[in-house]
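Notes follow once the structure below has been shown.
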């Protein structure tokens with residue numbers, strides 16, 4: 001995500017890049033990080049860095 005900080009990323013795309021196979025659980029974790037302000041949730045399953 002830091003390589004393109006202005007871009008929004010689909011949760012499954014991030015999971016695939018990290019080698020995560022349980023995409024649903026990873027997206028739940030991403031939503032939790034978004035609620036904590038660590039990342040931004042811009043739309044359903046779309047995330048961006050919180051700059």
Inset, instruction - Working only within segment 17-30, note down all residues that are part of a helix (DSSP H, G or I) and either touching a strand residue (DSSP E or B) at 6+ places or on another chain (Cβ under 6 Å) or exposed (fewer than 15 other Cβ atoms within 10 Å of the Cβ) (or both). - result: 17, 18, 24, 25, 28, 29, 30
Legend entry - Meets criteria (within 10 Å of the chain's Cα centre (by Cα) and outside any helix (DSSP H, G or I)) for residue 1: yes
Legend entry - Lone unmet requirement of (1) surrounded by 10 or more Cβ atoms within 10 Å (Cβ to Cβ); (2) more than 8 Å from the chain's Cα centre (by Cα) for residue 14: (2)
Inset, instruction - Inspect segment 37-49 for any residue being touching a residue at least 40 places away in the same chain (Cβ under 8 Å) and out of contact with any helix residue (DSSP H, G or I) (no Cβ under 8 Å at 6 or more places or on another chain) and give the result as yes or no. - result: yes
Inset, instruction - Please tell me if residue 7 is modelled with pLDDT under 90 and surrounded by fewer than 16 Cβ atoms within 10 Å (Cβ to Cβ). - result: no
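The values are calculated or read from the model by the stated rules, or taken from the named source; none is laboratory data. Model, not experiment: these values are computed from the prediction. Ideal geometry is used to build each Cβ from the backbone, glycine not excepted, and the neighbour counts take in all protein chains shown.
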